[in-house]
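Comments concern the structure below.
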Amino acid sequence: MDIFVQQLVNGLTLGSLYALIAVGYTVVYGILQLINFAHGEVFMIGAFGALTTSLVLFKGNTALWTLPIMIVGAMIASVGTAVLMERFAYRPLRNAPRLAPLITAIGISIFLQEFVRLNYNGIPQLNWNPLGLPDAKSRLPFPQIDVVTGPAFEVGGVTIQRAAIFTMGALVVCSVFLWYFINRTKTGRGMKAVSQDPDTARLMGINVDRIIVVAFALGALLAAVAGVAQGLQNNNIDFRMGFLAGLKAFTAAVLGGIGNVAGAVVGGLVLGVVEGMATQYIPGQFGGPPWKDVWAFVLLILVLVFRPQGLLGAKAVDRA
Amino acid sequence: MCLGDDQSGGTVHQRSVVRIGASLIVASLALSACGSRSTSNTGASDGKKIAKIGVMAPLSGDLSSLGLGIQHSVELAVKQANDSNAIPGWTLQVEARDDEAKPDVGKNAATAFAAEDNMAGVVGNLNSSVAQSTQPVLASAKIVQVSPANTNPSLTQGANFKTAPLRTYPTYFRTCTTDAVQGPFAARYLFQKAGIKKVATIHDKKAYGQGLVEAFSGEFTKLGGTVVSAQTINPDDSNYQSVITKVKPKGPQAVYYGGEYPQAGPLSQQMKGAGLNVPLMGGDGIFDPKFIQLGGGAASAGDLATSVGAPTDQLPAGKKFLADYEKAGYKEPSAAYGAYSFDAANAIINALKVSLKDAKDVVSARQATIDALGKVSFDGVTGKVAFDKFGDSTTRVLTVYKVDAAKADAPKWIPVNTEEFK
């Protein structure tokens, strides 16, 4: 029983991370019908933003009060990247065939990865590194903030890491914020309107371009929190971390029903728990850690076969 | 829209500009290529002929701190050889290529080396899995290859190294010892010296990690210990909670990990975070300061690693190497394989002393270089350097290192046990 609860906790922690990232895929898809494959990189840049803030402002100080400032730093980096990406890469292609922005997204993803890899520490060729940042070509240790990292809690035979509590707490807070923003604010209702019918929304006086920017920024905010959470959990970050996490989060978004924000959260949690349980409970040759991804994707295929709209249902209207 | 304008107007003009531009670029590339070839054939300004020593190692990416140490150590050996005019009439040059720790990239690097007429020998690779793909390329060009770091036994003794060892590539040598020695050495240390009877093993499914764990498990069970859980991880993952949860209830007294520090450091840190407070032990792939950094600093105290040879700074020759390296002012430290790379380069240089003496060019001397390298015997900075009939180093000294956190703000590896493996 302990083991079951333990894998459930592991799964929910991993799933919370997927869910935070998946929201970014689903919000943008809901409005633009664009799969923004560069969103994994927004998550990665969030983590690097937090690391940069910590290195430049606090120089190894890991007191708890630095964490909110690191999260703000992460958000500035992520949102900045997402907004620039929308403005210069996607907006010029707004009326282009759908394949063009999709391929652009893959291009941006590669560009951002290589940019961080080669230029996180300024321009090494010119010895220009004003902030004194380390080389990001290999994994970098992430600051271990007091209180939220450190010895794990033992609750009746179940080990709960502090960073796991942070991650799950972050998902709860972000979900409440997201629900409030979408359902209770004017901009949020504007997003819903644009998602249902952009042309009519424009006729009603909604600035569609602005709503799209807001959608990108909203996804980036949550991705930034996820970046910090992953850094705290794994103790290290690297320029490739966005690729696999992005792929899993995209899977989570599809699993929950792409375009559906609640679906992204549910899909993320389900995916994480399935991975945890598959590691533990599938016996013999096809069980164990190496097969967890296989079972996660088997689940995705089954859901798509029997419930193509995803667990909670995708947006009904597809304007393809 | 601006896109439409571009397509409708001015196409002809733009296309011709593109064409002229492209042909100019091609022409300049061709010219520069010719230029570099002619300089390399005519040789250095003092009328000496040029022989090149190639370096293949990960110069970027996670393992670059090891790879750059290899490159600089070879550069140091070559510089010293040139300064002392080790091979009269010849100047040595180093050419380094990045293998990114990937077999396909390594193969490209090896192919480029094989195409060069004055390539006399290659030091590399770092990873056994990469060497598997570079060996045949260099062997077909008869270029000697000396690895400072490949520890997979099958590289020298063939796939059936346990039952019927057979040398596959006569051009391949190595200055380090193999996993067939390193794994059992670790098993004996844990069982006999540390008194540990139950271990769990984890590896990353790569040639190095898997080979190491197999050799370790074989010896550990033979001694009477139990492997309570055998798991693998995906090297691209960075969260290992599910594996740790699987291992923890079995109550291992230590975890033996086959792989390298980019995964081992976080694994150790996450193990301790999850309450599995037992030492993680690994091979030379985790013996790097970065392991401690990624393992959460002082949190990794007590973790163990084996590495080949005696600690470089405990031998007089090793001390001199480290001092020379320091003096040469390279940006990156010599790292775990510096001394082995230095010895590897010197082994090639010693062979070239014999084979190039009366040779008119490098290509015709290649077979002689292979023969001479097999007979090399000198005192290197890691101990005696000589090769057996498989191309393996005859020195089988290993050391166990431990992460020491006596100073909590500056934990470091300290040697705890150096022994000759019998």
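Could you please give the count of residues in region A:286-302 that are away from every other protein chain (no Cβ under 13 Å) and either aliphatic (A, V, I, L, M) or free of Cβ contacts under 8 Å to residues at least 24 places away in the same chain (or both)? I'd like the intermediate steps shown before the answer.
Pass one, region A:286-302, residues away from every other protein chain (no Cβ under 13 Å): A:286, A:297-302.
With the extra rule that they be either aliphatic (A, V, I, L, M) or free of Cβ contacts under 8 Å to residues at least 24 places away in the same chain (or both), the set shrinks to A:286, A:298-302.
Of the residues in that region, 6 qualify.
So which of B:261, B:257 ends up being touching a Lys or Arg at 6+ places or on another chain (Cβ under 9 Å), in contact (Cβ under 8 Å) with a residue 12 or more places away in the chain and within 14 Å of chain A (Cβ to nearest Cβ)? Let's see the steps before the verdict.
Working: B:257 fails: touching a Lys or Arg at 6+ places or on another chain (Cβ under 9 Å).
Of the residues listed, the single one that is touching a Lys or Arg at 6+ places or on another chain (Cβ under 9 Å), in contact (Cβ under 8 Å) with a residue 12 or more places away in the chain and within 14 Å of chain A (Cβ to nearest Cβ) is B:261.
Could you pull out the residue among A:79, A:83 that is of a type in the set (A, V, I, L, M, F, W, C), more than 29 Å from residue B:266 (Cβ to Cβ), surrounded by 13 or more Cβ atoms within 10 Å (Cβ to Cβ) and modelled with pLDDT of 95 or more?
Values: A:79 fails: more than 29 Å from residue B:266 (Cβ to Cβ).
Result: A:83 is the single residue among A:79, A:83 that is of a type in the set (A, V, I, L, M, F, W, C), more than 29 Å from residue B:266 (Cβ to Cβ), surrounded by 13 or more Cβ atoms within 10 Å (Cβ to Cβ) and modelled with pLDDT of 95 or more.
Condition first: away from every other protein chain (no Cβ under 14 Å), in a helix (DSSP H, G or I) and not aliphatic (A, V, I, L, M). Can you find one or more residues in region A:59-72 that meet it?
So far as region A:59-72 goes, yes, one or more of its residues are away from every other protein chain (no Cβ under 14 Å), in a helix (DSSP H, G or I) and not aliphatic (A, V, I, L, M).
Only one of these is at pLDDT 90 or above, touching a helix residue (DSSP H, G or I) at 6+ places or on another chain (Cβ under 9 Å) and within 14 Å of another protein chain (Cβ to nearest Cβ): A:136, A:164, A:201. Name it. Step through it out loud before you land on a result.
Working: A:136 fails: at pLDDT 90 or above; A:201 fails: within 14 Å of another protein chain (Cβ to nearest Cβ).
From the options A:136, A:164, A:201, the qualifying one is A:164.
Looking at B:345, B:317, B:336, B:359, which one is touching a residue at least 24 places away in the same chain (Cβ under 8 Å), among the small types (Gly, Ala, Ser) and assigned to a loop (DSSP other than H, G, I, E, B)?
Values: B:345 fails: assigned to a loop (DSSP other than H, G, I, E, B); B:317 fails: assigned to a loop (DSSP other than H, G, I, E, B); B:359 fails: touching a residue at least 24 places away in the same chain (Cβ under 8 Å).
Exactly one residue qualifies, and that residue is B:336.
Going by what's in this entry, would residue A:126 be described as away from chain B (no Cβ under 14 Å) and either within 29 Å of residue B:268 (Cα to Cα) or touching a strand residue (DSSP E or B) at 6+ places or on another chain (Cβ under 9 Å) (or both)?
Working: away from chain B (no Cβ under 14 Å): yes; either within 29 Å of residue B:268 (Cα to Cα) or touching a strand residue (DSSP E or B) at 6+ places or on another chain (Cβ under 9 Å) (or both): no.
For residue A:126, the condition - away from chain B (no Cβ under 14 Å) and either within 29 Å of residue B:268 (Cα to Cα) or touching a strand residue (DSSP E or B) at 6+ places or on another chain (Cβ under 9 Å) (or both) - is not met.
Among the residues of region B:363-404, what is the count of those that are of a type in the set (A, V, I, L, M), in contact (Cβ under 8 Å) with a residue 60 or more places away in the chain and buried (at least 18 other Cβ atoms within 10 Å of the Cβ)? So that I can check it myself, show each step before the final result.
Taking region B:363-404 and keeping what is of a type in the set (A, V, I, L, M), we get B:363, B:365, B:368, B:370, B:372-373, B:376, B:381, B:385-386, B:397-398, B:400, B:403.
Imposing the further condition that a residue be in contact (Cβ under 8 Å) with a residue 60 or more places away in the chain reduces the set to B:363, B:365, B:370, B:373, B:381, B:385, B:397-398, B:400, B:403.
So of that shortlist, the ones also buried (at least 18 other Cβ atoms within 10 Å of the Cβ) come out as B:365, B:370, B:373, B:381, B:385, B:397-398, B:400, B:403.
Number of matching residues: 9.
If I filter region B:264-279 for residues that are part of a helix (DSSP H, G or I) and within 21 Å of the chain's Cα centre (by Cα), do I get at least one hit?
Here is the first cut: in region B:264-279, the ones part of a helix (DSSP H, G or I) are B:264-273.
Filter once more, so that each one left must be within 21 Å of the chain's Cα centre (by Cα): B:264-265.
Yes: one or more hits.
Could you list all residues from region A:133-170 that are among the charged types (D, E, K, R) and over 19 Å from residue B:272 (Cα atoms)? Write out each step before concluding.
Step one: filter region A:133-170 for residues among the charged types (D, E, K, R), giving A:135, A:137, A:139, A:146, A:154, A:162.
Of everything in region A:133-170, those that are among the charged types (D, E, K, R) and over 19 Å from residue B:272 (Cα atoms) turn out to be A:135, A:137, A:139.
Which one is nearest to residue B:77 (Cα to Cα) among residues in region B:118-132 that are aliphatic (A, V, I, L, M) and surrounded by 24 or more Cβ atoms within 10 Å (Cβ to Cβ)? Spell out the reasoning first.
Restricting attention to region B:118-132, the residues satisfying the condition of being aliphatic (A, V, I, L, M) are B:119-120, B:122-123, B:126, B:130-131.
With the extra rule that they be surrounded by 24 or more Cβ atoms within 10 Å (Cβ to Cβ), the set shrinks to B:120, B:122-123, B:126, B:130-131.
Values: B:120: 15, B:122: 13, B:123: 12, B:126: 18, B:130: 24, B:131: 22 Å.
Restricting to residues being aliphatic (A, V, I, L, M) and surrounded by 24 or more Cβ atoms within 10 Å (Cβ to Cβ), the top hit is B:123.
Hey, among B:225, B:218, which residue is without any contact (Cβ under 8 Å) to a residue 40 or more places away in the chain, in contact with a Leu (Cβ under 9 Å, 6 or more places away or on another chain) and away from chain A (no Cβ under 14 Å)? Show your work before the answer.
Values: B:218 fails: in contact with a Leu (Cβ under 9 Å, 6 or more places away or on another chain).
Going through B:225, B:218 in turn, just one is without any contact (Cβ under 8 Å) to a residue 40 or more places away in the chain, in contact with a Leu (Cβ under 9 Å, 6 or more places away or on another chain) and away from chain A (no Cβ under 14 Å): B:225.
Any idea which residue in region B:272-286 is surrounded by the most Cβ atoms within 10 Å (Cβ to Cβ), counting only those that are more than 11 Å from every other protein chain (Cβ to nearest Cβ) and modelled with pLDDT of 90 or more? Before the answer, list the steps.
Initial filter on region B:272-286 (more than 11 Å from every other protein chain (Cβ to nearest Cβ)): B:278-286.
After this cut, where a residue has to be modelled with pLDDT of 90 or more as well, the list is B:278-283, B:286.
Values: B:278: 20, B:279: 22, B:280: 27, B:281: 28, B:282: 31, B:283: 30, B:286: 33.
Selected residue: B:286.
Among all residue pairs at least 6 apart or on different chains, which show Cβ distances below 9 Å where the first residue, located in region A:236-248, is facing another protein chain (nearest Cβ under 8 Å) and on the phi < 0 side of the Ramachandran plot and the second is part of a strand (DSSP E or B) and aliphatic (A, V, I, L, M)?
A:236/A:140; A:238/A:140
So in region B:228-254, with the set limited to residues that are free of Cβ contacts under 8 Å to residues at least 12 places away in the same chain and either crowded, with 24+ Cβ neighbours inside 10 Å or part of a helix (DSSP H, G or I) (or both), which one is farthest from the other protein chains (Cβ to nearest Cβ)?
In this case the residue turns out to be B:249.
Looking at (1) in contact with a Ser or Thr (Cβ under 8 Å, 6 or more places away or on another chain); (2) more than 16 Å from residue A:75 (Cβ to Cβ); (3) not polar (S, T, N, Q), find the lone condition where residue A:221 falls short.
Looking at each condition in turn, residue A:221 falls short on (2).
Filtering region B:47-100 down to residues that are modelled with pLDDT under 90 and within 14 Å of chain A (Cβ to nearest Cβ), which residue is surrounded by the most Cβ atoms within 10 Å (Cβ to Cβ)?
Checked region B:47-100; the qualifying residue surrounded by the most Cβ atoms within 10 Å (Cβ to Cβ) is B:66.
Does residue A:229 count as within 13 Å of another protein chain (Cβ to nearest Cβ), touching a Ser or Thr at 6+ places or on another chain (Cβ under 6 Å) and modelled with pLDDT of 90 or more?
On the way: within 13 Å of another protein chain (Cβ to nearest Cβ): yes; touching a Ser or Thr at 6+ places or on another chain (Cβ under 6 Å): yes; modelled with pLDDT of 90 or more: yes.
Yes.
Given the conditions (1) under 13 Å from the mean Cα position of the chain (by Cα); (2) more than 30 Å from residue B:371 (Cα to Cα); (3) hydroxyl-bearing (Ser, Thr, Tyr), and given that residue B:330 satisfies all but one, which numbered condition is not satisfied?
(1)
The values are calculated or read from the model by the stated rules, or taken from the named source; none is laboratory data. Treat the numbers as computed from the prediction; the structure is a model and nothing was measured. We place every Cβ from the backbone using ideal geometry, glycine too, and count neighbours over all the protein chains shown.
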